[in-house]
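Have a look at the structure below, then the notes.
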Amino acid sequence: MAMFPSLSTGSVAQYPSSRTLLSRSTLLRFLDGSEQRFSLSRRPQHVWALDMNQIALDEANELATFFQEQAGEAGDFSFVDPWDNTTYPHCTFDQSTLELCAIEEGVYRCRVTIREKY
């Protein structure tokens, strides 16, 4: 299985980046007006929003190649959480396109959102 590429520093992200936990649940409303909620999954789903504000040209090319190989949202790859170094084996991009913006010569920025698959 493919592994999300790391930057030249060995990290997979730059600051500021964020991590969110999502829980899927459903709501039942009864005739008497009361409600009952329950979880649809055993554990929350991780979502990472990675801001890469100053990456070199070779890092940008590696990320763009990886995104293309994974076919964007269709991919399945492993991702190492930058907060606790846990490897999540089944992740995908949460976007259909990757936008790399040149800041100056040889320096790029982009925002990547990665979602853990259930």
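The numbers here are math on the coordinates, done by the rules we state, and not lab data. Note that this is a predicted model, so its numbers are computed, not measured. Heads up, the Cβs are rebuilt from the backbone with ideal geometry, glycines too, and the neighbour counts pull from every protein chain shown.
List of remarks:
- Cα-derived Rg over Rh, computed across region 9-77 with Rh taken as Kirkwood radius: 1.22
- From the Kirkwood radius over Cα pairs of the chain, Stokes-Einstein at 10 °C and 1.306 mPa s returns a whole-number translational diffusion coefficient of 101 µm²/s.
- Sparse-neighbourhood loop sites, trypsin sites (Lys or Arg not before Pro) in region 9-62 - DSSP loop, at most 15 other Cβ within 10 angstrom: ARG24, ARG42
- In region 83-118, trypsin sites (Lys or Arg not before Pro) in a DSSP loop with at most 14 other beta-carbon atoms within 10 Å: LYS117
- Dipole moment magnitude, nearest 20 debye, region 8-118 about Cα centre, only Lys, Arg, Asp, Glu C-beta charged: 720
- Theoretical ellipticity at 222 nm over the chain - DSSP helices of four or more residues, -39500 (n - 2.57) apiece, nearest 500: -3500 deg cm²/dmol
- Degrees, to the nearest 10: 57-69 long Cα axis against longest axis of the chain: 50
- Charge-dipole axis of the chain as Lys and Arg at +1 and Asp and Glu at -1 on Cβ define it, positive-most pick from SER17, CYS110, LEU31: LEU31
- Residue list for region 81-97, given a label point 7 angstrom along the Cα-to-Cβ vector of MET1 and an amide N cut-off under 19 Å: 81-95
- Residues of region 98-113 with an amide N closer than 13 Å to a point placed 7 Å from the Cα of VAL47 along the Cα-to-Cβ direction: 113.
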